[in-house]
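Worksheet for the structure shown next.
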Amino acid sequence: MIRRVVATPLFVRHLQSFLDDYAELGAVRFVERLQSSYQVMIKNLSTFEEIGPARRRSVNGRTMTVREYLLDAGARSFLVLYWIPPDAEEPVVLLNLRIGGQNRFRWKDES
């Protein structure tokens, strides 16, 4: 069964921020690799139920089991946190995104 994949505003904001930063630097190939890796991720997450390792995370004071997916963009990797709802009719939710070397996810916009 193929599920829809939706992104939270936080995920979209972080992805847009990373893309803007690398576009300003002129890293066109890097952005293209990130885009192709992102499209493969969306296809995989919509098709397969449990593709990434599961972790218990505290999100806004609520503990939940989320999964991780590694986006490989060549020179850098990005870690995506996503949640698969138990109901098969609900979409997969992309929660947050970070650069592979960061120690923590940012859950609030710091702008």
Residue-level accessible surface for Arg76, protein heavy atoms, 1.4 Å, Å²: 100
Degrees, to the nearest 10: 28-47 long Cα axis against longest axis of the chain: 10
Once the dipole of the chain is set up from charges on Cβ (+1 Lys and Arg, -1 Asp and Glu), the residue from the list Asn60, Val40, Leu10 lying farthest towards its positive end is Asn60
Averaging sequence separations of C-alpha pairs under 8 Å and six or more residues apart, then dividing by the length of the chain, give the relative contact order as a whole percent. 30
In debye to the nearest 20, the charge dipole size for the chain, taken about the Cα centre with +1 at each Lys and Arg Cβ and -1 at each Asp and Glu Cβ, equals 320
Principal-axis tilt of helix 9-24 within the chain, Cα atoms, nearest 10 degrees: 20
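The values are calculated or read from the model by the stated rules, or taken from the named source; none is laboratory data. Quantities reported herein were computed from a predicted structural model and do not represent experimental measurements. When we count neighbours, we look across all protein chains shown, and the Cβ atoms used for this are built from the backbone with ideal geometry, even at glycine. Just so you know, the surface numbers come from the protein's heavy atoms only, side chains and all, with ligands and any DNA or RNA stripped out. Shrake-Rupley method; radii C 1.70, N 1.55, O 1.52, S 1.80 Å.
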